Amino acid sequence: MRSTSLTITAVAAALAATLAFAAPGGGYGPGPGSGQGAGCPQAQDCAGGQGYGPGAGYGPGMGYGRGMGRGAGAHGSLMTDEERAEHRQKMHSFTTVGECKAYFDEHREQMAARAKDRGVEPGPGPRVNPCDRMERRGLLKPAG
């Protein structure tokens, strides 16, 4: 009797664990992410997962590696979809860190002015300068 009850308990626990891990939702694994997509500039090799668009991104949960997977960024609500696409394309068109940082600083000033006009707080900006991040990934030539 005791072994039967232990067996049933073990089977129930195994079934519960299987169902919990098989449920859709967040977690590590492939999902929509940063594969080569329509936003990949022609002059750039995006086959290594550097482009934006549907593709096999790996990260915690679905959509982690997307261009806008964590939101539209600090100034996303201040730009239209067309402006955001143009900004993204422009950021990926630079070849040096200096060009990128000059444009990015100008863009931040424009967005701060737009936020002030709309009466909203511009926000602290990105945690990491995107130009520095692109340089570390080999997408931009070092300054100097």
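Bear in mind that the values in this text are calculations on the coordinates, not laboratory data. As the structure is a prediction and not an experimental result, all values here were calculated from the model. Here the Cβ is made from the backbone with ideal geometry for all residues, glycine too, and neighbour counts use every protein chain on show.
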Inset, instruction - Sticking with the crude label model, points 7 Å out along Cα→Cβ, report the distance from residue 5 to residue 136 in nm, one decimal please. - result: 5.6 nm
Inset, instruction - Sequence neighbours fewer than 8 away in the same chain don't count; with that in mind, list the aspartates and glutamates whose C-alpha is under 16 Å from residue 116. - result: 106
Inset, instruction - Can you tell me which of 96-108, 112-124 comes out highest on packing, and rank the rest after it, using the mean Cβ neighbours within 10 Å? - result: 96-108, 112-124
Inset, instruction - List the lysines whose Cα lies under 17 Å from the Cα of residue 141, skipping any in the same chain that are fewer than 8 positions away. - result: 90, 101
Legend entry - Amide proton proximity set for residue 96, modelled H, under 5 Å, gap of 5+: 141
